Amino acid sequence: MKPGAWRDWLPSPQALQGNRWLRWIGPALHHPRLWHLNRRGVALGLALGLFFGLLIPIAQIPLAGAAAVLLRANVPMAVASTLVTNPVTFGPVYYAAWRTGNAILGDDGRSQPPAPQADAPQGSWWERAWQRIEQAGKPLLLGLAIFATGFGLLGYLLVTLAWRIKVVLARRRRCKAYA
C-alpha cells in the first residue's frame, strides 16, 4: 500500500458538501484543519474518539464527530477511534469498567442481586433484567467515566509523545546528512 493510499478512502470535500445529511453543519465541516494531519489535531481526535467510544454506548460516532468539529480536531481520527468498543470488545470493556467501579465504590465484586423471596412474585424477565441493570448502574458508570477519561488522556499524551519523537529523529537524520 503506497503511503497516501488511505486518503483515497476519505470522502472528498465536494462529496461532503453535497451530502444532504451533513448540510446542516454548513461551512464548519469544511474547515481544512479538520482533515489535515497535524500533531494537535490527530492527538485531540484520538482522545475525543476514545472518550466517546468508551463512555457512550449509543451514537458514539456522531458525538465524537461533532466534538471534533467544535474543537477543530481531526475528524477521521475521532470517528475511527470510537471503534475501540465494537461487538468484539464491548463485553470485556464493560465488564472491566464494572469491576473497576465496584472496586472504587468499596464492593469486592462478589455482590449478587438480592435473592428472591419465596412468597414474593418473580415478575417478568424484563423486571428482573431491569433490576440487575439498576444494580450494575453506579459501578458501571463510574468505571466507564474513569476509562473514558483515562484512556482519552493517555491517547492524547501518547500521540503527542510519538509525534515529538518522530520529529526529533527526523531532525537528527537531516543534521547528520548535512554534516
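Tabulated data for the structure shown
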item: Paramagnetic reach from LEU157 (point 7 Å along Cα→Cβ, amide N under 16 Å) across the range 27-66; result: 43-44, 47-48, 51
item: Reciprocal of mean inverse Cα separation for the range 123-174 (Kirkwood radius, Å); result: 14.5
item: Which of LYS138, LYS176, LYS166 has the fewest Cβ neighbours within 10 Å, and the rest in rising order; result: LYS176, LYS166, LYS138
item: Residue-by-residue Karplus 3J(HN,Hα) for the range 163-170, coefficients 6.51, -1.76, 1.60, Hz, glycine and proline x; result: 5, 5, 4, 4, 5, 5, 5, 5
item: 3J(HN,Hα) from dihedral phi, the range 140-151, Karplus parametrisation 6.51/-1.76/1.60, rounded to Hz, x for glycine, proline; result: 5, 5, 5, x, 5, 5, 5, 4, 4, 5, x, 6
item: Residues TYR94, TYR178, sorted so that the one with the fewest Cβ neighbours within 10 Å comes first; result: TYR178, TYR94
item: Proximal charge balance of ALA47 [Cβ under 14 Å; K/R count +1, D/E count -1]; result: +3
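Read the figures in this text as sums done on the coordinates, not as results from a lab. Since the structure is predicted, the reported quantities are computational estimates derived from the model, not experimental observations. Glycine also receives a Cβ, built like all others from the backbone with ideal geometry; neighbour counts cover every protein chain displayed.
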